[in-house]
Amino acid sequence: MPDQNNTPELPFLHMYTDQEGKSTIDTKILTAFSKESVGGKADPQYMLPFPGKVEAVKFAILPEGWVGDWHESPKKQWVIPTKGRWFIETQQGNRIEMGPGDIHFGEDLDTTEISGNRGHKSGTVGNEPCCMMIVQFEDVPDAEKNILFDSV
């Protein structure tokens, strides 16, 4: 936990469309947390509001062996695995595996078609399903400029 003078930082995986139109993924950090109460008599905690209008909150279970062949993110979305593991492979050739404790913001939209494929591949890792929570946004102002994403 940070001391009185330092606010916490939260690392996450950010998948987006790069300047060449290819999907890529990097580790970024959420910063600019401030202390506030969640309500009532609860002690203050570190919080960071995320801009944008939520369209849907979904729970997904990817079966063992599931593969999502090349596709773009359907919306700008947070993906939070709660059990099991999964992977993302981008057009840039990055392959990242994630599990509980990892969070991912996906926005690989309007990618360039390469060999008939757009976006990224994803799938389960290991011999169990991957359970996840997905928060999709109807609208997100330029997230990187408005949320203070910092590069690692």
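How large is ³J(HN,Hα), in whole Hz, for each residue of region 33-44 in order, when computed from phi with the Karplus curve 6.51 cos²θ - 1.76 cosθ + 1.60 and θ = phi - 60°, using x for Gly and Pro?
5, 9, 7, 7, 7, 6, x, x, 9, 5, 4, x
Taking only Cα atoms and a 10 Å spring cutoff, compute GNM fluctuations for the chain and point out the largest among M133, M15, M47.
M47
How high is the relative contact order of the chain, in percent, counting Cα pairs under 8 Å that sit 6 or more residues apart?
For the chain, the relative contact order is 33 percent.
Local charge sum around L62 (other residues, Cβ-Cβ under 14 Å, Lys/Arg +1, Asp/Glu -1)?
0
Per DSSP H run of n ≥ 4, the term is -39500 (n - 2.57); total these for the chain, divide by its residue number, and report the mean residue ellipticity at 222 nm rounded to 500 deg cm²/dmol.
For the chain, the value works out to -500 deg cm²/dmol.
When S37, S122 are ordered from fewest to most other Cβ atoms inside 10 Å of their Cβ, what list results?
Arranged by neighbour count, lowest to highest, S37, S122 become S37, S122.
From the phi angles alone, apply the Karplus equation (6.51, -1.76, 1.60; θ = phi - 60°) to region 96-108 and give each ³J(HN,Hα) in whole Hz, x where the residue is Gly or Pro.
Once rounded to whole Hz, the list reads 10, 9, 9, x, x, x, 9, 10, 9, 10, x, 8, 8.
For region 10-151, what proportion of DSSP beta bridges, expressed in % and rounded to the nearest 5, is antiparallel?
Once the DSSP bridges in region 10-151 are tallied, antiparallel ones form about 90 percent.
Put a dot 7 Å past each Cα toward the Cβ at T82 and D139; how far apart are the dots in nm?
3.0 nm
If you filter region 9-64 for trypsin sites (Lys or Arg not before Pro), then keep DSSP loop positions with at most 14 other Cβ within 10 Å, what is left?
Filter output for region 9-64: K41.
Let me know the charge dipole size of the chain about its Cα centre in debye, to the nearest 20, where only the beta-carbon of Lys, Arg (+1) and Asp, Glu (-1) is charged.
My answer is approximately 360 debye.
Going by how many other Cβ atoms sit within 10 Å of their own, how do F137, F59, F33, F50 line up, fewest first?
Lowest to highest Cβ neighbour count: F59, F50, F33, F137.
Under a Cβ-only charge scheme (Lys and Arg +1, Asp and Glu -1), can you give me the dipole magnitude of region 1-58 about the Cα centre, in debye to the nearest 20?
That gives region 1-58 a dipole magnitude of about 240 debye.
Coordinate-derived values only; no laboratory data. Small disclaimer: the values here were computed from a predicted structure and weren't measured. Please note: Cβ atoms are built from the backbone with ideal geometry, for glycine as well, and neighbour counts cover all protein chains shown.
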